[in-house]
Amino acid sequence: MTGRISALESVDPISVPLPHGTEVTTRVARVVGDRQVSQGLIGRVARERDGGFDVHIAGVGEVWYQRDEIAPRRLGQLS
């Protein structure tokens, strides 16, 4: 048994909407103040603004990302 929904295989994870609360994975590293925020961290969308998204990352806080810099954590999470 696979963990993927076969009908979603053709969906581009970069193009789906990201409502508030969606778990996302960061695709790029960021420097926030004097901290390095690594690529591949899991966060939750806090809000959409300025053409991008504020993502809350535990232990870091909110970090702004452009849409193509984050992807839904799971492909089945496309609401």
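The values are calculated or read from the model by the stated rules, or taken from the named source; none is laboratory data. Fair warning: this is a prediction, and the values are worked out from it, not measured in the lab. Quick note on the areas: whole protein, heavy atoms, side chains included, nothing else; ligands and nucleic acids left out. Shrake-Rupley method; radii C 1.70, N 1.55, O 1.52, S 1.80 Å.
The condition of being at pLDDT below 95, of a type in the set (D, E, K, R) and open to solvent by 80 Å² or more (accessible area, probe 1.4 Å) does not hold for Arg67. Taking region 16-64 as the range and being open to solvent by 30 Å² or more (accessible area, probe 1.4 Å), in a strand (DSSP E or B) and not charged (D, E, K, R) as the test, the residues that pass are Thr25, Val31, Val32, Gln36, Ile42, His56, Trp64.
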